[in-house]
Structure formats: structure tokens, C-alpha cells
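The values are calculated or read from the model by the stated rules, or taken from the named source; none is laboratory data. Note that this is a predicted model, so its numbers are computed, not measured. We place every Cβ from the backbone using ideal geometry, glycine too, and count neighbours over all the protein chains shown.
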Amino acid sequence: MSRMPPAPPTVTATPLSQLDAMLDGLAARRGHWAALSTPERAALLRRCMRTTAAVADRWAEVACAIKGYALQSNGHGEEYLAGTLAVMRNLRLFAEALEAGGQPALPKTWQRAGGQWVARVFPQSLMDRALFTGMTCDIWIEPGEQPTQGRIYRQPTDGGICAVLGAGNQSSIPPMDVLYKLVVDNEVCILKMNPVNEALGPVIEEALKPLVDEGVLAVCYGGIEVGKHLTDHDQVDTIHITGSARAHDAIVWGPGAEGEANKAAGTPRLDKPVSSELGAVSPVLVVPGPWSKAQLDYQARQVASMLAYNCGFNCNGARLIVMAKGWEHRDRFEALVKEKLAATPTRHAYYPTAVATWERFTGEYPNSTFLGDHDTDGTLPWTVLEGVTDTEGEFALANEPWCGIFSFVDLDADTPEAFLDAAVPFANDRCWGTLTINVLVHPKTERQLGKRFDRAIADLRYGGIAINCWSGLIYGIVNATWGAFPGHPLDDIQSGRGVVHNGLLLDHPQKSVMRAPFVVAPTPAWFTDHRNNLELGRRMTAFEAAPSWFKVPGVAIAAFKG
């Protein structure tokens, strides 16, 4: 029987004098970290895998307490899958990469017609193939660059100190951002927890205790004052933020009128490298095709899950469902998505800005459709903004709704070819942000489109492209890169700069392209109607801690119960 977890513990803001002492300690150890051999680094990460496994249950329970999820609920399972599992996999992949001297083996590389290199990063093993049947992921390298790996292990650097400003939505983001900075960028880290989920900070400190004890990671707490003290500190060389474009601009340009004036003059208030992941208005391109009733139902479940996962507080949550006006199944598909959402239990909207965001968007679209319960206790309904068009300046295209909101948008097309011709420039030029995009295409339609479909994928300017699956899988497999499409200037940052994850340490990544079968059975782990995701999350985490064929049947059984 489900029950509510105890209230999360309170965390006191770190005094500024203590921050200075933490930075002094990191400064004293940055040279030590830069000098550590790859086997020594790998051994530290292997120790972190053991300490992470030791706190995994508590990690998920504290996350549930923060978000108001009942224990044993579907939300509890999500906290395992998107929290400890992702971190454990990241630790293992980086440990293996370091054990290979920073040059882990790539399954396959090739050049596209124009010379651009592509690296197959998933699957890597027979066990990957067994657990993720039919799924692949490729990293496309920036044009003109080679598929090289582990730059800092070929060209050692002195490292530095990075201030990592942690995200408040997913518990795996702060530790995974830290791991990337340590392993890929050679920088020791001070991690500031987000006030939304700061109660997880002590758990993350325990999980990464070997790195804390080594003096290459410190964890601190607090709000804007603490964050500004860190970003402006002389000993901090670089900054990484996962959050909003507004928060990024306040750091780089300054708040309010000061920031606007600095941006207009092209004079940032900080002269430090800032990497960032800042969300997007993520589209789902529904390519028209001969979908059966079962396929329509499956994909409606998947699209509803893309929004509802984590109560809609995901930077890659589905925000725009883009369809062809002339598709014969267009109306039926919209009705099915709404039906699936209406059947999805609503959750406490735990983000402090959620209600204000919801009121702002529904004020812009007063004829919105509300699905599910809505009470005065902080639970918001799943919301479909009605009347959204594909015109330039449309509010829902230019603003990310940070809660359980999305829209349907029709393009003037009735064939797959016409749809792609309209959808690619629409996604590239009208939708704010370049983090992720989802493309749903029937296999017969893809064959019909041939090279035209490949060209559409090539033309999409997104850091993550998920074909027939949710882009959350790109995040979760960790082999892929996670971040915006390259090229955003500081004064129009949108989804940010740089990437994280990148388990095989590829240099110069442009985008990751994940592909899944059109219908996956059993129910995928990212579906919010999965009936056994907590057990699956626990078994997958144990598997990642020590992969073994002996564990595959247990994972498979847990998956089939979904």
C-alpha cells in the first residue's frame, strides 16, 4: 500500500565565509585532480558506484518527499529511473572510458555524403541489444571535425574550478553535471544545490563521498546570494548552469534593467566561460502515415507520457504536438492523447513557480482544455492550450510552459512529404530553443520518404533528436550528448551552450539521434502508465552497478510486468 514519505529535511544556507573556505580547499586540490591518472580516476568512480548503491533507496524517497509523491507510486518509480539509475550508468560509463585511457571503443563510425562524421554510441554490447531491442543512438560530429575522444587525455590541461548551479527538477542532473566537468573538462567542482531540491544535497554528498573525500567536490546550499558569491568569485574559473534562460542571463548580463542595458551594449558583467542547459519548447513532429488503431493508441500513450513525466517539469517535456492538417487520423490522435492524459493521475505541482506559470499561459489561451483533477492544494490539471497557430510570434511557440501544459499545432499539409517540408523550418525557426525534438514516423512512411527523411533529420537544428521514442531516453542512456544545438550567442542563449553526459567522451559533438521501433513491447519504462517502474528502476540500477547476464532475466521480468 502506498504511503507518503516523511517531510524532507531542511537545509541551512552555506555561510559565505564557508564558501570561501570550500573554494580554497578546491584550489589546493585542482592540481592533484589534473595529475591523477585515468586508472586512479576510474577507481574513484567505481567507489562512487558503491556509495551510490548504498543510498539509492533513500535518494528516491527524499525525492518523493520533495515532490509530494506517495511511496510505491509511479512517481516513486520515476525517481529511481531518472535519479539513481541515470547517475549509476553515468558513473559506470565514465569509469569504463577512463579504464580505456580516455579512448573507449566505438561500435562504428562513418561519414555522411557531405563528409560529416557519425559515431554509433549505442548499443555497445550484447546486453545493450538484449535490454533495448531495436534501439540505436548516434552522435553526429560537427562538420569539419573528426570523431576523436577524450581531448584532455590526449592534450592534458591544468584544469580549473567550476561552479555548478544545480537543477531543481531531476535529482540526477546536479551529480551528472559534476561528473562531466570532472571527467571531460578536467575541472574540480563546487555544486550549489537548487533550493527546490536542496534536501537531496546530503544524499548526493554521500553518493559521491569518494570525490568529496578526495577534495575535488564540495556541495553548498542557498539562494541568489550564495549563487552570486560563487559565480563572481575570483577562484571560480567556469560556470555551468541547468535552469532557465532568465537565470543564465542574470548571471552573464546582470538582473533587470542592468542586464538589458549590458546585453544591448554587448558588455557581459562576467568574463568567464559559461556552459548551460536551459530548456526548450520541445516539439513532437507527427509524420502522417497509415497508423493502425493499436499504433494510434500506443503513440497517444507515449505523447501523454512525454508531458506528464515528472509532473511536466522536464526541459524536454512535449510542448507542441505538430500534425498535418490533412492527415486522416489527425482528429482521432488528438482525442486519444487527451483521453490518455485525462486517465493519468495529476500530481502536486511542486515547483514554486508552477501556479503562476499556469495562470499566465491559461490567461493567454482562455479556452484551454483542462484534464484531470484541479484543486486548491497545488495540484494542477493537465492542460491543452487551444487555438495555438503556427504563426510567428505565437505565445506558446516562444515561451516554455514550466508545468503540465502543451499544445496541438496544425501545419497545412496532407502528405508526409509536404509535412516534412513544412515541419522542419517550423521547428527550426518558430519554436524557441534547440534542446530536443521528437519525431514519430511509421516505418512504411519512412521507407516511402527514403532520403527525404534522412535529409529532414540532418536539417533539424536540435541537440537531441528522438525518432519514435521520447527524448528522455537520450538523457537516460548517457552514451548520448545532452545539450543545445551548437551556435547560440550569449545574447540569444535559448537552450544554452555545451553538452553533458557523453559517456564515450566524443569531442566536438553536434547532436545525438536516438531511434526506437515504432511500437515497443513491453511498455517502455518512460511511459507514465507503467505498472512496475519502481521494481524495474531498482533492478536496472543494480544491473548498471555490475552488469551481468545473470541479472538480465530479472530486469526482463520486471519490464514485462509493466
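Assess whether Asp331 counts as being under 27 Å from Cys469 (Cα atoms) and surrounded by fewer than 18 Cβ atoms within 10 Å (Cβ to Cβ).
yes
Among the residues of region 422-433, is any at pLDDT 95 or above and farther than 30 Å from Pro143 by Cβ?
Taking region 422-433 and keeping what is at pLDDT 95 or above, we get 422-433.
Imposing the further condition that a residue be farther than 30 Å from Pro143 by Cβ reduces the set to none.
Scanning region 422-433 turns up no residue that is at pLDDT 95 or above and farther than 30 Å from Pro143 by Cβ.
Given the conditions (1) under 18 Å from the mean Cα position of the chain (by Cα); (2) assigned to a helix (DSSP H, G or I), report the number of the one that Glu544 does not fulfil.
Checking Glu544 against (1) under 18 Å from the mean Cα position of the chain (by Cα); (2) assigned to a helix (DSSP H, G or I), the one that fails is (1).
Go through region 242-275 residue by residue and tally those that are over 24 Å from Phe395 (Cα atoms) and either crowded, with 17+ Cβ neighbours inside 10 Å or not aliphatic (A, V, I, L, M) (or both).
Here the count works out to 15.
Residues of region 4-43 being of a type in the set (Lys, Arg) and not assigned by TED's automatic domain parsing to the domain that holds Leu165, which ones?
If the condition is that a residue be of a type in the set (Lys, Arg) and not assigned by TED's automatic domain parsing to the domain that holds Leu165, then no residue fits.
Within the bounds of region 509-524, is there any residue that is surrounded by 19 or more Cβ atoms within 10 Å (Cβ to Cβ), outside the structural domain of Ala70 (by TED's automatic domain parsing) and under 13 Å from the mean Cα position of the chain (by Cα)?
Among the residues of region 509-524, at least one is surrounded by 19 or more Cβ atoms within 10 Å (Cβ to Cβ), outside the structural domain of Ala70 (by TED's automatic domain parsing) and under 13 Å from the mean Cα position of the chain (by Cα), which makes the answer yes.
When only residues in region 275-290 that are touching a Pro at 6+ places or on another chain (Cβ under 9 Å) and not small (Gly, Ala, Ser) count, which is farthest from Arg332 (Cα to Cα)?
Within region 275-290, the match that is farthest from Arg332 (Cα to Cα) is Val281.
With the requirement that a residue be of a type outside the set (A, V, I, L, M, F, W, C), closer than 20 Å to Tyr462 by Cα and in contact with a strand residue (DSSP E or B) (Cβ under 7 Å, 6 or more places away or on another chain), what does region 110-144 give you?
Within region 110-144, Gln111, Arg112, Gln116, Arg120, Thr136, Asp138, Glu142 qualify.
Only one of (1) surrounded by 15 or more Cβ atoms within 10 Å (Cβ to Cβ); (2) in contact with a Gly (Cβ under 7 Å, 6 or more places away or on another chain); (3) not charged (D, E, K, R) is not met by Ala396, so which one is it?
Among (1) surrounded by 15 or more Cβ atoms within 10 Å (Cβ to Cβ); (2) in contact with a Gly (Cβ under 7 Å, 6 or more places away or on another chain); (3) not charged (D, E, K, R), the lone unmet condition for Ala396 is (2).
Quick one: which residue in Arg129, Arg120 is assigned to a strand (DSSP E or B) and either within 22 Å of the chain's Cα centre (by Cα) or free of Cβ contacts under 8 Å to residues at least 40 places away in the same chain (or both)?
Unique residue meeting the criteria: Arg120.
Please count how many residues of region 4-62 are among the aliphatic types (A, V, I, L, M), more than 30 Å from Arg347 (Cα to Cα) and part of a helix (DSSP H, G or I). Spell out how you get there, then give the answer.
Of region 4-62, the ones among the aliphatic types (A, V, I, L, M) are 4, 7, 11, 13, 16, 19, 21-23, 26-28, 34-36, 42-45, 49, 53-56, 60, 62.
This time we only want the ones that are more than 30 Å from Arg347 (Cα to Cα), so: 16, 19, 21-23, 26-28, 34-36, 42-45, 49.
Next, only the ones that are part of a helix (DSSP H, G or I) stay: 16, 19, 21-23, 26-28, 34-35, 42-45, 49.
Residues meeting the conditions: 15.
Which one of these does Glu334 not meet: (1) without any contact (Cβ under 8 Å) to a residue 60 or more places away in the chain; (2) assigned to a helix (DSSP H, G or I)?
(1)
Among the residues of region 426-467 satisfying the criterion of being in a helix (DSSP H, G or I) and β-branched (Val, Ile, Thr), which is surrounded by the most Cβ atoms within 10 Å (Cβ to Cβ)?
Across region 426-467, the extreme among qualifying residues is Thr445.
Check off (1) at negative phi; (2) at pLDDT below 95 for Gly159 and give me the number that stays unchecked.
That leaves (1) as the condition not met.
Of the residues Gln295, Gln299, Gln235, which single one is out of contact with any helix residue (DSSP H, G or I) (no Cβ under 9 Å at 6 or more places or on another chain) and in contact (Cβ under 8 Å) with a residue 24 or more places away in the chain?
One residue alone meets the criteria, Gln295.
Looking at (1) under 22 Å from Trp291 (Cα atoms); (2) touching a residue at least 60 places away in the same chain (Cβ under 8 Å), find the lone condition where His348 falls short.
Unmet for His348, out of (1) under 22 Å from Trp291 (Cα atoms); (2) touching a residue at least 60 places away in the same chain (Cβ under 8 Å): (1).
What are the residue pairs meeting all of these: first residue in region 30-52, first residue over 19 Å from Thr238 (Cα atoms) and in contact (Cβ under 8 Å) with a residue 60 or more places away in the chain, second residue part of a helix (DSSP H, G or I) and of a type in the set (Lys, Arg), Cβ atoms under 7 Å, and 6 or more apart or on different chains?
Hits for this filter: Met49/Arg92; Thr51/Lys209.
Identify the residue in region 468-493 that is in a loop (DSSP other than H, G, I, E, B) and on the phi > 0 side of the Ramachandran plot and, among all such residues, is surrounded by the most Cβ atoms within 10 Å (Cβ to Cβ).
If we take residues in region 468-493 being in a loop (DSSP other than H, G, I, E, B) and on the phi > 0 side of the Ramachandran plot, then Val478 is surrounded by the most Cβ atoms within 10 Å (Cβ to Cβ).
Can you tell me which of (1) surrounded by fewer than 24 Cβ atoms within 10 Å (Cβ to Cβ); (2) within 24 Å of Gln510 (Cα to Cα); (3) aromatic (Phe, Trp, Tyr); (4) touching a strand residue (DSSP E or B) at 6+ places or on another chain (Cβ under 9 Å) is the one Tyr180 doesn't meet?
Exception for Tyr180: condition (1).
Search region 545-558 for residues that are over 16 Å from Asp128 (Cβ atoms) and pair each with any residue that is in a loop (DSSP other than H, G, I, E, B) when their beta-carbon atoms are under 7 Å apart and the residues are at least 6 apart or on different chains.
Note: pairs meeting the criteria are Ala558/Asn532.
Restricting attention to region 184-204, does a residue exist that is of a type outside the set (S, T, N, Q) and farther than 27 Å from Arg46 by Cα?
There is at least one residue in region 184-204 that is of a type outside the set (S, T, N, Q) and farther than 27 Å from Arg46 by Cα.
Take Gly223 and tell me if it is under 25 Å from the mean Cα position of the chain (by Cα), crowded, with 16+ Cβ neighbours inside 10 Å and within 22 Å of Phe313 (Cα to Cα).
No.
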